[in-house]
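First the structure, in the form of structure tokens, and then the observations on it.
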Amino acid sequence: PAPSDAPLAAATDAPAGRPAVEDEEEYERPIEEPEPLGYGDLIGGHGGMTALLHAAREGHAGTVRALLESGADVNQVSGGDHTSPMLIAMINGHFDLAIELFEAGADPRLASAAGATPLFAAVNAHWAPKSRYPQQHAYGQQRHSYLDVMRRLLDAGVDPDARLEKHLWWVSYNFDLLQIDLKGATPFWRAAYSLDVEAMKLLVHHGADPHLATIKVPPRRLPAWDREKRDLSGVPPVPVGGPADYPIHAATGIGYGQGFPSNAHRYVPAGWLPAVRYLVEELGADVNERDDEGYTPLHNAASRGDLEVIRFLVEHGADPTAVSRVGQTTADMANGPYQRTQPFPEAVALLESLGSKNNHNCVSC
């Protein structure tokens, strides 16, 4: 531990940052020494932009053509975060220009320092929040859609399972209402998060692994249950670097019960049940899969009050009595357990009838 943590560790006879507990056998948490990345770390290196990168970022196709005709390197990455012209065009939703760069010799396999690839950026650009856009759907007037671009890239042999090395600062805006860390996310995971079955099928057709999870990172602050309680989930702890959230968690409503993703999350309208059905019935996703905090897909569906998905998951073997590490049941998640998260009485009643305990923990009631 760092010097400032040493007195705490000595006084509690527990790992730095972890409390001493009465029963160590029931509380075997791994020592998590790595520090979480600050916002500056997420952005990483910046600058080193060429004229071609500036033009590609803004979608100025004529300027891009003039620069390429004058000898600009179509694959010269930025000096800061190693973003290529094709990637920066894709990040900003300039699909036609990205195709033009590809046809001019751009390497679609070039990834940024954070592991972002044009394939990941294509699906993200379509579904990312777009509050700053003067016209949010202007990019839809292009000849090529994000799916067109994905097909071209996959047909060219790009890795469908390329994973992010760290969270991408540009995937959301304002105060990051999505509250998910994308380290380890694949293009398939991003498509699942948007309930985009068409994109998921395209990726699977080209060999994508539909079961890859994001990677657990150190927490920014100690969760309340780490300070006050034992792990009540009954499942083994997940160390930093282990699996965090699987596609089935992304497609059932990850984070909805703990914050405000619904204010910024964009997804296929009425797509919850079709996406979950595809993952479970066609790809074999585990309906009882736990994320790193012990939540199941049923917890997520409950937090949205989604009766259809709740019933579907239970019919396919989901355990309604599952408890998260913090001790929240599926009924608790439907009952507005955090400030300004909406309670869903019908979902609470349904889950109670299925055997879930209601701890009456509604904070928003």
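The values are calculated or read from the model by the stated rules, or taken from the named source; none is laboratory data. Quantities reported herein were computed from a predicted structural model and do not represent experimental measurements. Heads up, the Cβs are rebuilt from the backbone with ideal geometry, glycines too, and the neighbour counts pull from every protein chain shown.
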Matching option when the condition is closer than 25 Å to H126 by Cα, hydrophobic (A, V, I, L, M, F, W, C) and at pLDDT below 95, among A264, A275: A264
Among the residues of the range 182-208 satisfying the criterion of being of a type in the set (D, E, K, R) and surrounded by 24 or more Cβ atoms within 10 Å (Cβ to Cβ), which is farthest from P269 (Cα to Cα)? R190
So which residues in the range 68-92 are crowded, with 24+ Cβ neighbours inside 10 Å and out of contact with any Ser or Thr (no Cβ under 7 Å at 6 or more places or on another chain), if there are any at all? S84, P85, M86, I88, A89, M90, I91
Take W225 and decide whether it is outside any loop (DSSP other than H, G, I, E, B), buried (at least 17 other Cβ atoms within 10 Å of the Cβ), modelled with pLDDT under 95 and among the aromatic types (F, W, Y). yes
Every pair of residues 6+ apart whose Cβ atoms lie under 6 Å, when the first sits in the range 280-304 and is free of Cβ contacts under 8 Å to residues at least 60 places away in the same chain and in the same structural domain as P320 (by TED's automatic domain parsing) while the second is among the aromatic types (F, W, Y) and in a loop (DSSP other than H, G, I, E, B): E289/Y246; S303/Y256; R304/Y256
Which residues, counting only those in the range 40-92, are closer than 13 Å to A116 by Cβ, part of a loop (DSSP other than H, G, I, E, B) and of a type in the set (A, V, I, L, M, F, W, C)? V77
Boolean, A302 is under 24 Å from V171 (Cβ atoms) and either modelled with pLDDT under 95 or among the small types (G, A, S) (or both): no
R152 - would you say it is over 23 Å from the mean Cα position of the chain (by Cα), outside the structural domain of E198 (by TED's automatic domain parsing) and either at pLDDT 95 or above or surrounded by fewer than 18 Cβ atoms within 10 Å (Cβ to Cβ) (or both)? yes
Does the range 266-287 hold any residues that are touching a helix residue (DSSP H, G or I) at 6+ places or on another chain (Cβ under 8 Å) and either assigned to a loop (DSSP other than H, G, I, E, B) or on the phi > 0 side of the Ramachandran plot (or both), and which are they? R266, Y267, V268, G271, L283, A285, D286, V287
Condition first: surrounded by 17 or more Cβ atoms within 10 Å (Cβ to Cβ), small (G, A, S) and under 17 Å from G355 (Cα atoms). Can you find one or more residues in the range 282-301 that meet it? yes
Cβ pairs under 8 Å, 6+ apart, first in the range 188-199 and at pLDDT 95 or above, second of a type in the set (K, R): S194/R266
